[in-house]
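J.: Questions regarding the structure given below will be posed in turn.
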Amino acid sequence: MKDFFAVIIGFICGQLICFIIGMVLMILFSTENGNLPKNVLLTLHMIAALFSGLISASLVTKNGWLFGMLTQIFNLLIAGSMFGFLGYSALLDENVKIPLDLLLLDPGIRLIVLPIICATVAGYIADKYRSKILSFLGLILVSIGGGVGCLSTLSFILTEIYFVYLAGKLIFDNGKILRGITTFFLGSIASYVVGLISVGVVMGGYWVFAKIFNIYAEDIGLKKI
């Protein structure tokens with residue numbers, strides 16, 4: 001049961017990584033239609049699949065390649081259905097041929113098949129070098145936590161500055177002293193709320209990570225935290 005739960009964890013983490021990196025890539029590479037170029041999109045899904053495979057396989061004791069591959073369960077189902085349909089068509093009609101070399105050149109099929117390969121290879125690597133992979137993933141987690149902490153501090157400061165600006169504008173430009181003072185105090189409260197929410201998100205994320213880690217720690221030979 002733990003092994004299959006590791007697949008779910010790897011899948012969810014991969015989707016989060018895909019979302020976070022995808023937001024950055026959308027800012028840098030989005031087209032006029034608001035979409036990512038196909039090569040960039042393929043790279044994004046391959047990176048997400050790589051992390052999914054690494055995370056899932058690091059939490060199981062054997063057959064990491066299999067559990068890494070299973071993180072791409074939806075891609076596996078789509079690929080299996082697609083190639084199964086082509087194979088069935090080839091059996092019914094001898095004139096139907098399956099040019100696998102040409103199929104793999106199709107961008108849509110590559111978007112399905114290559115992430116499966118990435119997750120499988122990542123799972124195999126994580127199975128062989130579990131301690132190093134876990135250290136690497138831990139370093140990434142610390143970096144993400146530090147980044148979120150910096151963003152929470154920045155969000156608190158920016159919110160405070162914004163409401164101070166509004167209060168000053170109301171008082172000095174419009175002469176609305178009472179509204180300006182009210183805006184200042186409400187803004188201070190709002191900025192603290194934003195800061196507390198950000199800290200809560202960071203602490204909640206750490207709590208979830210610690211719970212998951214402790215479930216698997218004994219199985220993979222690590223101390224609980």
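J.: Cβ-Cβ below 6 Å, separation at least six or inter-chain, first residue in the stretch 207-225 and within 21 Å of Lys62 (Cβ to Cβ), second in a helix (DSSP H, G or I) and at pLDDT 80 or above: which pairs?
T.: Close Cβ pairs satisfying both conditions: none exist.
J.: Considering each of Ile47, Ile27 in turn, give the residue that is out of contact with any Leu (no Cβ under 8 Å at 6 or more places or on another chain), assigned to a helix (DSSP H, G or I) and closer than 12 Å to Pro115 by Cβ.
T.: Answer to the selection: Ile47.
J.: Another question about this same structure. Out of the residues in the stretch 25-46 that are among the aliphatic types (A, V, I, L, M) and without any contact (Cβ under 8 Å) to a residue 40 or more places away in the chain, which is least open to solvent (accessible area, probe 1.4 Å)?
T.: Leu44
J.: Does the stretch 17-24 contain any residue that is over 12 Å from the mean Cα position of the chain (by Cα), at pLDDT 85 or above and open to solvent by less than 30 Å² (accessible area, probe 1.4 Å)?
T.: The answer is no, given that none of the residues of the stretch 17-24 is over 12 Å from the mean Cα position of the chain (by Cα), at pLDDT 85 or above and open to solvent by less than 30 Å² (accessible area, probe 1.4 Å).
J.: Additional query: Identify, by number, the condition in (1) in contact with a helix residue (DSSP H, G or I) (Cβ under 9 Å, 6 or more places away or on another chain); (2) among the polar types (S, T, N, Q); (3) free of Cβ contacts under 8 Å to residues at least 24 places away in the same chain that Thr61 doesn't meet.
T.: (3)
J.: Could you tell me which of the residues Phe74, Phe11 is out of contact with any helix residue (DSSP H, G or I) (no Cβ under 7 Å at 6 or more places or on another chain) and either closer than 27 Å to Gly205 by Cβ or at pLDDT below 90 (or both)? Full working, then the answer.
T.: Details: Phe11 fails: out of contact with any helix residue (DSSP H, G or I) (no Cβ under 7 Å at 6 or more places or on another chain).
Among Phe74, Phe11, only Phe74 is out of contact with any helix residue (DSSP H, G or I) (no Cβ under 7 Å at 6 or more places or on another chain) and either closer than 27 Å to Gly205 by Cβ or at pLDDT below 90 (or both).
J.: Just a yes or no: is a residue in the stretch 145-157 small (Gly, Ala, Ser), over 30 Å from Ala6 (Cα atoms) and more than 25 Å from the chain's Cα centre (by Cα)?
T.: For the stretch 145-157, residues small (Gly, Ala, Ser), over 30 Å from Ala6 (Cα atoms) and more than 25 Å from the chain's Cα centre (by Cα): absent.
The values are calculated or read from the model by the stated rules, or taken from the named source; none is laboratory data. Being a predicted model, the structure only gives us computed values, none of them experimental. Heads up, the Cβs are rebuilt from the backbone with ideal geometry, glycines too, and the neighbour counts pull from every protein chain shown. Areas reflect the complete protein model, heavy atoms only, side chains present, ligands, DNA and RNA absent. Shrake-Rupley method; radii C 1.70, N 1.55, O 1.52, S 1.80 Å.
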